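The values are calculated or read from the model by the stated rules, or taken from the named source; none is laboratory data. Remember, predicted model here, so these are calculated numbers, not experimental data. When we count neighbours, we look across all protein chains shown, and the Cβ atoms used for this are built from the backbone with ideal geometry, even at glycine. Side chains included, ligands, DNA and RNA excluded: accessible areas come from the protein's heavy atoms. Shrake-Rupley method; radii C 1.70, N 1.55, O 1.52, S 1.80 Å.
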Amino acid sequence: MLDYASLKVIWWLLVGVLLVGFAIMDGHDMGVGTLLPFVGRDDTERRVVINTVGLHWDGNQVWFITGGGAIFAAWPLVYATAFSGFYWAMLLVLWALFFRPVGFDYRSKIDNPTWRSVWDWGLFVGGTVPPLIFGVAFGNLLQGVPFHFDSNLVSTYEGSFWGLLNPFALLCGVVSSAMITFHGGVYLAHRTEGAIQQRAQRWVRASGLIWLAGFTMAGIWLALGIDGYVITSVVQPEALPDPLAKTVSRAAGAWLGNYQHWPLTMLLPAIAYLGCITAMLLLRGGRSFAAFWASALGLSGVIATAGVSMFPFIMPSSSHPASSLTVWDSVSSQLTLGLMLGVTLIFMPLIILYTRWAYRVMAGKVTAAYVRENNHSAY
């Protein structure tokens with residue numbers, strides 16, 4: 001079995017991979033939902049848009065469920081503290097997600113314009129709210145969350161739902177929403193043609209500019225206006241988890257420290273810019289499939305930038321910095337991490353292979369003719 005310190009870092013990487021997988025796979029479904037009321041001008045066009053993701057959106061939810069399960073199993077203190085502190089925000093995400101299965105299944109059951117319009121906007125909510133809330137959550141993590149542990153390691157959250165909606169967090173929410181809309185637009189341009197494809201391309205350009213501008217503003221704000229966190233005591237990576245067995249201080253520019261220690265990590269924000277810009281150029285040149293993967297690369301760069309900036313912190317505490325949760329002191333036992341790693345090494349390749357096969361089977365353009373020919377079976 002691998003040593004405890006290595007397993008802690010490996011699971012930090014694996015959780016990051018799951019978050020990236022969720023952003024790429026379920027992200028383009030949500031992006032399509034966000035664009036649904038705007039790129040589809042009539043019922044047939046909107047059915048075309050829905051059917052680009054209708055056959056696989058539920059399969060992509062596996063990444064969301066697996067990510068949540070991995071956090072619960074690998075980082076139990078993070079799971080408990082985050083879901084307590086972000087309780088209403090997480091409920092808002094779940095309520096928004098309820099619109100997706102019901103909307104996909106019931107939207108076209110009744111041939112009534114009002115009925116279908118209501119579900120179209122329901123799918124819009126289900127695609128727009130989750131990435132916005134997730135971005136706001138990351139914005140709060142970068143600033144620190146007001147919580148502390150008592151001597152029994154029971155966490156107490158000292159903030160409120162409205163306190164989460166601060167300016168920097170909202171900016172991060174805008175970045176998250178823009179990049180998911182961008183990703184969905186690229187996918188939509190790949191799977192459609194004609195007027196829908198052209199409208200999707202216009203939304204890609206608009207959301208791409210917002211993504212790049214917002215990401216740049218957030219980086220400058222983080223570097224100049226937000227104090228990061230630094231562990232000021234001796235770190236013992238092999239030690240048993242105890243979030244109260246360290247000292248932590250806040251320091252200006254601390255979130256940039258890892259880029260100074262490991263200069264190669266500077267490639268990560270560069271990848272975010274490169275992926276977004278390359279995707280726009282490829283899409284403009286008609287290479288939509290390559291544009292999708294360039295967009296996925298850009299999303300990966302954004303998420304990796306946030307993760308590396310905070311490392312080894314996962315959930316810093318703004319009210320009691322010593323209670324901050326890190327890679328070293330918020331994890332499960334060595335046995336649990338080792339067993340989970342073995343299971344992951346078996347099943348993750350199977351999920352990837354199955355997903356690749358499913359998308360290969362469902363490849364091709366979705367057209368108005370397809371919807372009319374399959375009027376009773378298509379979404």
Local electrostatic count at Val9 - Lys and Arg +1, Asp and Glu -1, tallied over other residues with Cβ under 15 Å: -2
Nitroxide proxy distance, nm - points 7 Å out along Cα→Cβ at Leu55 and Ile346: 3.1
Efficiency of FRET from Cβ geometry, Trp88 and Ser233, R₀ 51 Å, rounded to 0.05: 0.90
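Of all accessible surface on the chain at a 1.4 Å probe, what whole percent is carbon and sulfur?
69
Taking the solvent-accessible surface of protein heavy atoms with a 1.4 Å probe, what is the per residue accessible area of the chain in Å²?
Here the per-residue accessible area is 46 Å².
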Three principal axis lengths of the range 261-364 [C-alpha, angstrom, descending]: 52, 32, 25
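Given a Förster radius of 41 Å and the C-beta distance between Arg41 and Leu264 as r, what FRET efficiency does 1/(1 + (r/R0)^6) yield to the nearest 0.05? All intermediate terms of the calculation are to be shown ahead of the outcome.
On the way: r = 47 Å, r/R0 = 1.15.
Computed FRET efficiency for Arg41 and Leu264: 0.30.
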The range 212-316, relative contact order in percent, only Cα pairs under 8 angstrom and at least six apart counted: 25
Residue with peak Gaussian network fluctuation, the chain [Cα springs, cutoff 10 Å], from Asn166, Asn152, Asn140: Asn152
Helix 87-106 vs. the chain, principal-axis angle (Cα, 0 to 90°, nearest 10): 20
Relative contact order of the chain, defined on C-alpha pairs under 8 angstrom at six or more residues apart (%): 24
Relative contact order, percent, the range 15-115 [alpha-carbon distance under 8 Å, six or more residues apart]: 30
Label point distance in nm, Tyr106-Val361, each placed 7 Å from Cα along Cα→Cβ: 2.8
Ratio Rg/Rh, restricted to the range 5-127 and using Cα atoms, in which Rh is the Kirkwood radius: 1.08
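How much length is gained if the chain between Ala195 and Leu209 is pulled fully straight, taking 0.36 nm per residue apart and subtracting their Cα-Cα distance, in nm to one decimal?
2.9 nm
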Rg [Å, one decimal], Dmax [Å, integer] - the range 58-132, C-alpha atoms: 15.3, 49
Label-point separation in nm, Ser151 to Leu339, each point 7 Å along Cα→Cβ: 3.2
Helix 113-143 vs. the chain, principal-axis angle (Cα, 0 to 90°, nearest 10): 20
Tyr229 long-range amide H proximity, modeled H, under 5 Å: Ala251, Trp255
On Cα atoms only, tilt of 76-85 relative to the major axis of the chain in degrees: 70
Separation of alpha-carbon centers, the range 133-209 and the range 210-258, rounded to whole Å: 20
Ellipsoid equivalent to the range 304-379 - semi-axes via the Cα gyration tensor, in Å: 44, 21, 11
Given charges at beta-carbon only (K, R positive; D, E negative), |dipole| of the chain in Debye: 1140
Per-selection Rg to Rh, the range 153-310 - Cα, Kirkwood hydrodynamic radius: 1.08
